[in-house]
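Reading through the structure tokens given below for one structure.
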Amino acid sequence: MQIAYYSKPLIVLLIALGITACGSSGNDSNSGDSSGSSSSSSSSSSASTSSSSSTSSSSSSGSQEPVGNTPVAQGMIVFESPMLTNGEGSRLSRFSCADCHAVNEDENGFADTSGFRLPGHSLHDALRRPTYKNGLLTDFVDAANSCLDEWMATDIVWTPDSLDYQNLRAFLTEVDSGSGDAEPLNFVIAGPELPDGVGDAERGRVTFNQTCANCHGEDGVLGNNPRGIDIRSYTPETAAIIARKVRRSGAFDSATYPEDLVGGTMPFWSQDRLGDQELLDIIAFIGETEFVPEDPDPVDPGPGNGSDCVATHPKVGQTASLSTIAHGVSGTATIVDDCTIRIDNFNYDGRGVQVEFYAGSNVGFFRESQGGFSITPDRNFLRSNPYVNETVTITLPEGTTFDDFNAISVWCVPFAADFGSGRFQ
């Protein structure tokens, strides 16, 4: 029997209620495509049993979905729900499998549930494919872990016995109407260069709202989508940045893709999912549109002076020059006493989602799975006007010392993205 499958707008509610998928158990095989992720711990119970009846009821289209504690129903929850680890240092991903993949698409590549064309390929026959990730992997569980790590930025690692994984397989088996071996997926990961040609802004608006709007909101307006990601800082002068991000977004240290990815957890778009002319059209639309999204509340950047701490630590006086990776970040961080960092000439356009200062053992080691942590856990540095040569002061959280880290980053938390970083020396 094949179930009717409909996505539902419960993801935000699930996040708010804490009823989200957790890393647990599963089975083996593969799921190839153009996005990826894996991670460190696979503790706890699953998305499956934690949210069964509460998330698998009626859909936005009014059709009945699988209900209850059956593996298929629980697997649909795993597919649709953002992933959450349970153990110490647990981290919620704002993304689910369904944000990048459909289980069924029409002849034009549009998901039959959301109506969007998604960056990842359909998973309708994923369990019957011989390989995944452009032939680089042969087990579906490894492909799923690639997504969990590199694109969802979770600490979840599934094994073939993980319950969530087993339930996801049950769901994908149920929605697969085919039989026999499926053809492997082969796709072209385009170069990061801006394609030749001229884009059309009106066509770009249509294409944007069929593709990018799934995460960035209709017309690129943050408030139009609860998963919205602000793109106001992109202008015609940054067209090359957009092209590079669309074509090569993904972990710098991707264990799955040999191509030079440019960082971040946004899934890249292969050429068969988004053509060069479509990309040029989208860039034209972004460059010619004045976005007026809802601004987040401005955040006090903190005091501008030092503190009452003593200055006895051997690292006092060390500085770190912040590299410019994204959003115009630059500045010089100085350890001024045993609990205070002062950042002089700080520049940052104020954009992102949840942006904090993170610490790590070295540059490139700021993910929580690598031992990175926030040194500004109660502050979000987003604001509507940019930081221009400002001074920002950070007081270390209680219990943290300069023995605990050597490097600092302006860090976008939900996407595990380094906007700019440096090592103290």
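Values in this text are rule-based calculations from the coordinates and carry no lab data. This is a predicted model, so every value here is computed, not measured. Please note: Cβ atoms are built from the backbone with ideal geometry, for glycine as well, and neighbour counts cover all protein chains shown.
Using the Cβ-Cβ distance between C309 and Q370 with R0 set to 25 Å, the FRET efficiency from 1/(1 + (r/R0)^6) comes to roughly 0.35. Packing, as the average of other Cβ atoms within 10 Å across residues, places the peptides 389-397, 311-319 in the order 389-397, 311-319, highest first.
Charging the Cβ of each Asp and Glu at -1 and of each Lys and Arg at +1, and nothing else, the dipole of segment 318-425 about its Cα centre rounds to 360 debye.
What length, rounded to one decimal in nm, is gained on full extension from N186 through to E202, with 0.36 nm per residue of separation minus their alpha-carbon distance?
Extra length available between N186 and E202 comes to 2.7 nm.
About its Cα centre, the dipole of segment 124-173 is roughly 280 debye, where the only charges are +1 on Lys and Arg Cβ and -1 on Asp and Glu Cβ. Per-residue extension of 0.36 nm, minus the Cα-Cα distance of V388 and S177, leaves a gain of 70.3 nm for this segment.
Maximal additional length on extending the S361-T238 stretch stands at 41.1 nm, based on 0.36 nm per residue less the C-alpha distance.
Taking 7 Å along the Cα-to-C-beta vector as the label spot, tell me the Q318-T159 distance in nanometres, rounded to one decimal. Using points 7 Å along Cα→Cβ, the separation is 3.9 nm. With a simple spin-label model that places each label point 7 Å from the Cα along the Cα-to-Cβ direction, the separation between D404 and N380 comes to 2.3 nm.
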